[in-house]
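Visitor: Here it is, the structure, as structure tokens.
The values are calculated or read from the model by the stated rules, or taken from the named source; none is laboratory data. Note that the structure is a prediction, hence the values are computed from the model and not measured. Cβ sites come from the backbone with ideal geometry, for glycine too, and all protein chains shown count toward neighbours. In case anyone asks, the SASA skips ligands and DNA or RNA and just uses the protein heavy atoms, side chains included. Shrake-Rupley method; radii C 1.70, N 1.55, O 1.52, S 1.80 Å.
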Amino acid sequence: MKTSRDVVSVDARPAARSVFNVYKIREDFPILRQKIHGKPLVYLDNAATTQKPEKVIEALHRFYSQYNSNVHRGVHSLSEQATEAYEDARSKVQRFIHACHVHEIVFVRSTTEAINLVAQSYGRKYVKSGDEIIISAMEHHSNIVPWQMLCEEKGAVLRVVPINDQGELLLEEYEKLFNPRTRLVSVAHVSNALGTVLPVRTIIDMAHRRNVPVLIDGAQSVPHLKVDVQQLDCEFYAFSGHKLFGPTGVGILYGKSALLENMPPYQGGGDMISSVTFEKTIYNVLPFKFEAGTPNIAGAIGLGMAIDYLDEVGLGNVAVYEQELLCYATEVLSTIPRLRIIGTAREKVGVLSFVIEGAHPHDVGTVLDQEGIAIRTGHHCAQPVMDRFAVPATARASVALYNTREEVDALARAIHKAIELFC
Ligand code: 7TS
């Protein structure tokens, strides 16, 4: 991992710092003003979900108080207004990840639903008995179980790229997994349990050399890294609104037009058809073919506003700031006796997982909560990662653009307190 000294030497940093004022950013997030158990809230559970800026909360309030209506249906003014705002949010997502076409952006419920959509639609059509799907050893359960379900149904085989002790993907092992039966690669951009940034560009190139399409699970990358799906050239990219300062219940599946066109619908219902008779149904065009039923209209609009917010702050500034903060947190936590950081890849963002010898992560989490500090403890829906590092669970602090060095110091003080209590 880069040290904070490396980050200081980045040319863009002094300029970025002058425009990135974390204390001003914090004012945009009303939830951060509160106290928990009488202590200022230190929210370090951003990999689970992020907090929402006032702008996003206001957008939701405005929708429900001024133009709540269903989309793509009514000719009345409110419905037209809602449709326009919903479709405008889709365009914002297109720009945000630099997709070629707006119809390549499908609104879904979450990353989980996006991956299930690809497994059930693309997977059921193209994966046959004896075919193979490659994932990595550091996937979230959302990028394991849908493929296992598909493999079970089809008699296909799931192959897993191993990782080293730092939590980095072993690319030479990945290369060896390909064979003529490989039908799809599906990997995370960033690991939620370890913080590792996977070399997705290389992963995609290696798959494309064998004409194998790639799905990238971007749940943990979009809040931290600038994503350009055309540059990555991945076939699918999935992420959740709620980890990107937007509402829960809305997510995105990006897919290349050519693939989405040839995929059958995932769910049937209203909005995804252009005509229905009892004899035959003609499906709607993209992206509506994959958006059956009334969508999460407010959620999509809120996500669009979260993207506006990030555009204002500048994701480049966020990336530089967070990298420095993560380096600082790594340095501070590394000095704590008995504490072992799980996941020490050279390229990391957002996440600091750790275990303390002699103290269960849940107990550590409980002590931290008493100090007003929110972290996540457990297996982080990545049980194979826990097995790989031979730990039942970890404590995980995960940062976002509003976290500060003072909060990292508070975390360290609380960990010391937990160690005194339990060890
Ligand atoms: N993929 C990754 C890499 C994730 O981190 C998560 C959620 C998901 C998929 C699923 O996202 P969802 O929005 O569909 O639930 N990760 C976490 C986490 O680390 N703690 O809580 C949720």
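Visitor: Of the conditions (1) under 30 Å from Gly314 (Cβ atoms); (2) more than 16 Å from the ligand (Cβ to nearest atom), Asn284 satisfies every one except a single condition; which number is it?
Guide: Here Asn284 clears every test but (1).
Visitor: Here are some conditions: (1) polar (S, T, N, Q); (2) closer than 30 Å to Ser91 by Cβ; (3) within 16 Å of the ligand (Cβ to nearest atom). Gln383 meets all but one. Which one does it not meet?
Guide: Of the numbered conditions (1) polar (S, T, N, Q); (2) closer than 30 Å to Ser91 by Cβ; (3) within 16 Å of the ligand (Cβ to nearest atom), the odd one out for Gln383 is (2).
Visitor: Output the qualifying pairs, or none if there are none: Cβ atoms under 6 angstrom, residues six or more apart or on different chains, first residue in the range 208-225 and closer than 25 Å to Val127 by Cβ, second residue near the ligand (Cβ under 10 Å from one of its atoms) and in a loop (DSSP other than H, G, I, E, B).
Guide: Cβ pairs passing all conditions: Ile216/His189; Gly218/His189.
Visitor: Here's a follow-up. Conditions first: (1) in contact (Cβ under 8 Å) with a residue 12 or more places away in the chain; (2) within 18 Å of Gly304 (Cβ to Cβ). Gln66 passes all but one, so which condition is the exception?
Guide: Of everything listed in (1) in contact (Cβ under 8 Å) with a residue 12 or more places away in the chain; (2) within 18 Å of Gly304 (Cβ to Cβ), Gln66 misses just condition (1).
Visitor: What pairs come out if I take residues in the range 373-390 that are in the same structural domain as Asn143 (by TED's automatic domain parsing) and pair them with residues that are away from the ligand (no atom under 12 Å from the Cβ) whose C-beta lies under 8 Å away, six or more apart or interchain?
Guide: none
Visitor: While we're here: If we scan the range 266-274, do we find a residue that is modelled with pLDDT of 95 or more, within 16 Å of the ligand (Cβ to nearest atom) and more than 25 Å from Leu401 (Cβ to Cβ)?
Guide: Yes, because at least one residue in the range 266-274 is modelled with pLDDT of 95 or more, within 16 Å of the ligand (Cβ to nearest atom) and more than 25 Å from Leu401 (Cβ to Cβ).
Visitor: Kindly list, by first and then second residue, each pair from a residue in the range 41-54 that is free of Cβ contacts under 8 Å to residues at least 60 places away in the same chain to a residue that is open to solvent by less than 20 Å² (accessible area, probe 1.4 Å) and within 12 Å of the ligand (Cβ to nearest atom), limited to pairs with Cβ atoms under 6 Å and residues at least 6 apart or on different chains.
Guide: Hits for this filter: zero, empty list.
Visitor: Would you mind finding the one in Phe239, Phe245 that is assigned by TED's automatic domain parsing to the domain that holds Ala89, within 10 Å of the chain's Cα centre (by Cα) and among the aromatic types (Phe, Trp, Tyr)?
Guide: Answer to the check: Phe239.
Visitor: Follow-up question, since we're still on this one. Name the strands (runs of 3 or more DSSP E) wholly within the range 227-324 that hold at least 2 residues that are surrounded by fewer than 17 Cβ atoms within 10 Å (Cβ to Cβ)?
Guide: 273-276, 281-283
Visitor: For the range 83-112, name all the residues that are of a type in the set (Asp, Glu) and in contact with a Ser or Thr (Cβ under 9 Å, 6 or more places away or on another chain).
Guide: Glu104
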